[in-house]
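The values are calculated or read from the model by the stated rules, or taken from the named source; none is laboratory data. Since the model is a prediction, treat every value here as computed from it, not as a measurement. Cβ: placed from backbone, ideal geometry, glycine included. Neighbour counts: every protein chain shown. Keep in mind that these areas ignore ligands, DNA and RNA; they rest on the heavy atoms of the full protein, side chains included. Shrake-Rupley method; radii C 1.70, N 1.55, O 1.52, S 1.80 Å.
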Amino acid sequence: MLTIMRGAADVRYAVRLLLKTPAVTLVALLSLALGIGANTAIFGVINALLLRSLPVHEPQRLVKIAALDPDHPEQSGELSLAMLHEIQQHASAFSNVFAWLGGGMNNVEVNGVRYPGSIDTVSGDYFAGLGVRPVLGRVLGRDDKEVAVISYGCWQHRYGGDPEVVGKIIRVDDHPLTIVGVSPEDFGGLQIDAAMEATIPIGFNGRALKYRENLWYEVVARLKPGGSIDQARAQMRVLWPGILKTTAPESFQGAQRISFFKLRSDVQPDARGNSYLRGRLGKPLEILMALVGAVLLIACVNLANLLLARAATRQHEFAVRVALGAPRWQLIRMLLTEAMLLSVTGAMLGLLLARWTARYLLTTFWTGYVSLSIDPAPDMRVLLFTTALAIVTGVLFGIAPAWRMSRPDPAGTLRQSPRTTAGYMGRFSSALVAAQVALSLILLLGATLFVRSLRNLETVDLGYRRDHMLVMQLFPQAGRGTIPKRTQYYHDLTTRLSGVPGVESVSYLHMGPGSRFEYVVPASSGLGGAVENAVAEWAGPGVFHTMGMQVLAGREFNWRDDEHAPPVAIISESLARVLFGNQNPIGRIIDAGAEPEHKGLTIVGVVNSASLWKFESREPLAVYLALMQESRYNQSSLVMRTISAPEATARPAERTLESMGHQYSLRTSTLEKRTAEILASERMIAMLASGFGMLALVLAAVGLYGILSYDVTRRTPEIGVRMALGAKPADVLGMIFGQVFRVVVIGIAVAIPVVLACGKLVAGMLFGVSVTDPVSFLAATSTLAAVAAIAGFVPARRASRVDPMVALRCE
C-alpha cells in the first residue's frame, strides 16, 4: 500500500511539472503520438495480414495439401476433386478434408439487383472442417447442391439484416440458390482480404467439372487431435504415388502426362488462410516498420535531451533531496515516472490514430474489384505491442536523465554555479544529437531513393503509349459465360465500338496493360535454344497498333488467326535476339509451354520489347499468342485508343458493349489512371518515406537547436571571458558552428556504414536508382547540413552578441 501511495504521489508531482510547461509537454506528446501511432498502425497491418489466425476452431490444426512441380517448387499447386476424394478415403492423419475455390468474380443477383461479387465454391465438409457455426440457419452439408450460405456482410447490406432471410433466393451466374444460413460476422472465408458474398457447393449449377483434368482446387485438412504435421507429410508421401496413378486424367498424354506424374505432395500449415495482399506487401511492410521505428528512435533522442535539460535545472533540488536522506532509487523513480507518464499518454493518443491509419494503408494498397474485408482493428496482440512499445519508449528516453541525475554530489552541487556543470551533460547531449542526425540522414536518404524510384517508374518508356487509352475489363452477363461464334462476336464488337465518336482503334489483351502478374512459360526455338523466363500474353487483332507499339518484322495478328487456323505467335525483339541471334525469326517454329496447343507455333511477327506487365521489367522476353485461338479466354481486357478525351468515350462504349448481350465492363478506366493505381504501393511508400524523412529532419533540427541554445546559455560566462580577452563575434560564430559541423560529420560518419549494411533490404524495391547513388546521397546530406546550419544560426547569433560585462556577472 505504501508503494502504491508513493507511486501515486510521483504521478501527481510529474503531472504538475508537465503542466508547468504546456508547450514543451504538447510537443513531446505529439512526437510520441506520431511515433507510437505510426508503429502501431504498421504493426496492425502486419498483424492482420501476416500474424492473425483465421477465426475458426483451433486454426493451428489446419493444413494445406498441395501438388508441387519439382521444376517450379515456388508455385503452390492445386488438386483435382478426384485427388480430394482419394485423400478423404485413405489419409487417416486428418479428421476432415475439404476443397474450396474462391476469390474469383461471379454475377450475383439479390432482390432484382445484379452486381459482381466474390463467391466461394466448396465441398460439403467445408464448414464442419473449419468448425464454423452459422448465426442463422445451418451450414452446407455433403449432399447440398442448389443452396447457399450467405456472408454476414451480404445479409446486412443486401438483405437489410432480415431475420427471415433463410429460405429466400440469391442468384449466382443466373442460377437460383436457396439461402440456408448466414455465416458469422468475423468469418469471411479462407481468402481473408476479398469480401465474400456467399458460400455455395461444388457443382451447384450442374457442371460438377471434370474431376481429373481440373487441378484448380485448394485442398485444406484438419489434423486429428494429437497428430502432427510431420506425420501427415509422411503419410501423404506414402499415399501420393497411388493417388497420382488413380487420378491421372486420360486426356493427359506425352509431356503433359509426364509432368503430371512428376508432381510431389506438400503439406503446410494453413492457420492464416490465403491473401492477395500478403505476398505483395511483405517487403514494403518491413521497410515501413523500419522507417517508423527510426522515427520513434529520433523522437526518443529528442525527449531524452529535453528531459536532460529539464533535469539539469533541478540539480540543486535533487542535491537537497539527497542531502536530506532521499535514496537515489527514489530520484530514478521520479524521473522515470515523468517519462512513463509522457510515453503512456502519447501511446493512448497514438492508438486512436493507428486504426484509421492502418485501414487507410490497406485500402490504398487494395486494387481488387470487390471490397476489402480485412479489419485491422487493434486486437489483444496489437494492444500488447503498443503497451510494450510505450514502456520501452519511456525507458529509452527516461533512463539517461534518471541515471545521470540520480548521482549528484550534494556538497559539490550546492556549491556549484551553472558555469561549472555543463561539461558531461554537453558531451552526452551532443552524442545523442549526433545519433539523431545519423538516423535522420538514413530516413532522408531512404525518402530520396523511394521518390526517385517512383519518378523513374512514372516516366519510364514502357514501349507503348499510355495517353488517350481506355481499358475495359470484360465480364460475362448473367447466364452468358459461353459466347457462340466467339471470333465473329469480337469482330462485330470491334466494328461497333470503332463507330463510337472519338474512337480511333479497338483491340484486346488477356491480362491487359499494367498487370502486376506475369504468365511465365519456357519458350523454345525448336532448334535447341530455350529460355525459362519468357512472359506469355494473349493478344487480339491489331493490338500493337492500338497500343502504339512497333511491328519490326512480319505482321500483326488479324481476324483470320482464329481457332480454325494454324497456331501462330509474335515475339518481342528481345526474345528474338536470344533465340535466333541475327537470323530472321519469321516463319520459324516455337514452343511456348508444355500444353499441346502451344507447341509448334509459327512466328509471324516481331514487335518492340514492351513492359506491358510489371513496370520494373527491362525489355522482357515476351511471346504473344493469338487471343482468338484461345476459346477459354472470354474475360479479357478491351483496349481502346481515342482521339478525344477517353473519359468522354467511356459511357457510350459501355452501352455499346452491353447492347451486344454477352458482356459488360466490370471496370472502365483510362490507362494513365490504371497506371497510377498500380503504382499505389510505390507511391504510398514514397509518400510515407518522405513524410517520415521530413519529420525526422524537423526533430533533428529541434534537437540541435535545443542543445545549442542550452549550451550557449550555460556557456555565457565563458563566452564573456573570450570576448573580454579579444575574441570577435565572428570567432564566437565559428565556435558554435564548429559544434554543429562536428555533430553533423559524426552523424554522417555513423549513417554511412548503416546505409551500406541495410542497402540489400531496399535494393529490390528501387527502380533505376541504387542505394549508393551519389546524387541521392549528396541531396540528402546537403539538405541535412542546410537544416542543421539553420537550426544553429539563432543560438550562434545570440552567442556572438553577448555583452562581456553582463556575461561576466552572469550566474
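Of all residues in region 614-634, those that are surrounded by fewer than 22 Cβ atoms within 10 Å (Cβ to Cβ) and either among the charged types (D, E, K, R) or under 34 Å from the mean Cα position of the chain (by Cα) (or both) total 10. Take region 635-653 and flag every residue that is within 22 Å of Lys485 (Cβ to Cβ) and either without any contact (Cβ under 8 Å) to a residue 40 or more places away in the chain or open to solvent by 40 Å² or more (accessible area, probe 1.4 Å) (or both). The one that is within 22 Å of Lys485 (Cβ to Cβ) and either without any contact (Cβ under 8 Å) to a residue 40 or more places away in the chain or open to solvent by 40 Å² or more (accessible area, probe 1.4 Å) (or both): Gln635. Looking only at residues in region 241-278 that are modelled with pLDDT of 90 or more and of a type in the set (Gly, Ala, Ser), the one that is nearest to the chain's Cα centre (by Cα) is Gly273. Here region 445-460 is the region considered, the condition is being surrounded by fewer than 20 Cβ atoms within 10 Å (Cβ to Cβ) and not hydrophobic (A, V, I, L, M, F, W, C), and the residue that is nearest to Gly693 (Cα to Cα) is Arg452. Can you find even one residue in region 580-588 that is in a loop (DSSP other than H, G, I, E, B) and surrounded by 20 or more Cβ atoms within 10 Å (Cβ to Cβ)? Looking for residues that are in a loop (DSSP other than H, G, I, E, B) and surrounded by 20 or more Cβ atoms within 10 Å (Cβ to Cβ), one finds at least one in region 580-588, hence yes. Answer with yes or no whether Thr670 is open to solvent by less than 40 Å² (accessible area, probe 1.4 Å), β-branched (Val, Ile, Thr), under 30 Å from the mean Cα position of the chain (by Cα) and on the phi < 0 side of the Ramachandran plot. The answer is yes for Thr670.
No other residue among Ala8, Ala14, Ala33, Ala28 is modelled with pLDDT under 90 and touching an Asp or Glu at 6+ places or on another chain (Cβ under 6 Å) apart from Ala14. Among the criteria (1) within 21 Å of Val506 (Cα to Cα); (2) in contact with a strand residue (DSSP E or B) (Cβ under 9 Å, 6 or more places away or on another chain); (3) part of a loop (DSSP other than H, G, I, E, B), the one Phe544 does not fulfil is (3). Candidates are the residues of region 772-796 that are open to solvent by less than 20 Å² (accessible area, probe 1.4 Å) and of a type in the set (A, V, I, L, M); the one that is farthest from the chain's Cα centre (by Cα) is Ala796. Here the condition is being outside any helix (DSSP H, G or I) and surrounded by fewer than 20 Cβ atoms within 10 Å (Cβ to Cβ); of Thr656, Thr602, it holds for Thr602 alone. Going through Gln235, Gln256, Gln268 one at a time, which residue ends up being open to solvent by 30 Å² or more (accessible area, probe 1.4 Å) and either part of a strand (DSSP E or B) or small (Gly, Ala, Ser) (or both)? That would be Gln268, the only listed residue that is open to solvent by 30 Å² or more (accessible area, probe 1.4 Å) and either part of a strand (DSSP E or B) or small (Gly, Ala, Ser) (or both).
When Gly481, Gly463 are screened for being closer than 23 Å to Gln550 by Cα, in a loop (DSSP other than H, G, I, E, B), modelled with pLDDT under 95 and open to solvent by less than 50 Å² (accessible area, probe 1.4 Å), only Gly463 passes. Give me the pairs, please: first residue somewhere in region 145-166 and open to solvent by 10 Å² or more (accessible area, probe 1.4 Å), second residue anywhere and in a helix (DSSP H, G or I), beta-carbon distance under 9 Å, and either six or more positions apart or on two chains. Close Cβ pairs (under 9 Å, with a partner that is in a helix (DSSP H, G or I)) amount to Gly161/Trp155; Asp162/Trp155.
Taken together, the residues in region 654-678 that are among the aliphatic types (A, V, I, L, M) and touching a helix residue (DSSP H, G or I) at 6+ places or on another chain (Cβ under 6 Å) amount to 1. With the structure loaded, tell me whether Glu597 is of a type outside the set (S, T, N, Q), surrounded by fewer than 22 Cβ atoms within 10 Å (Cβ to Cβ) and within 30 Å of Thr675 (Cβ to Cβ) or whether it fails that test. Here the answer is no, as Glu597 does not meet what is asked. A count restricted to region 305-364 and to residues that are of a type in the set (Gly, Ala, Ser) and modelled with pLDDT of 70 or more stands at 7. Filtered by the rule that a residue be in a loop (DSSP other than H, G, I, E, B), touching a strand residue (DSSP E or B) at 6+ places or on another chain (Cβ under 8 Å) and open to solvent by 40 Å² or more (accessible area, probe 1.4 Å), region 547-568 gives Gln550, Arg555, Pro566, Pro567. Residues of region 721-777 that are within 30 Å of Glu682 (Cβ to Cβ), in a helix (DSSP H, G or I) and among the aliphatic types (A, V, I, L, M): Ile748, Val750, Ala751, Ile752, Val754, Val755, Leu756, Ala757, Leu761, Val762, Ala763, Val775. Contact map, region 489-507: residues that are within 14 Å of Thr546 (Cβ to Cβ) and in a strand (DSSP E or B) paired with residues that are among the aliphatic types (A, V, I, L, M) and open to solvent by 20 Å² or more (accessible area, probe 1.4 Å), Cβ distance under 8 Å, separation 6+ or inter-chain. Pairs shown: Val503/Ile643; Glu504/Ile643. Of all positions in region 745-756, at least one carries a residue that is more than 22 Å from the chain's Cα centre (by Cα), over 16 Å from Leu443 (Cα atoms) and open to solvent by 50 Å² or more (accessible area, probe 1.4 Å). Among the residues of region 178-203, those identified as at pLDDT 90 or above, open to solvent by less than 10 Å² (accessible area, probe 1.4 Å) and not in a loop (DSSP other than H, G, I, E, B) are Ile179, Gly181, Val182, Ala198, Thr199, Ile200, Pro201.
Taking the numbered list (1) of a type in the set (A, V, I, L, M); (2) open to solvent by 40 Å² or more (accessible area, probe 1.4 Å); (3) closer than 22 Å to Pro55 by Cβ in turn, Leu372 passes all entries but (2).
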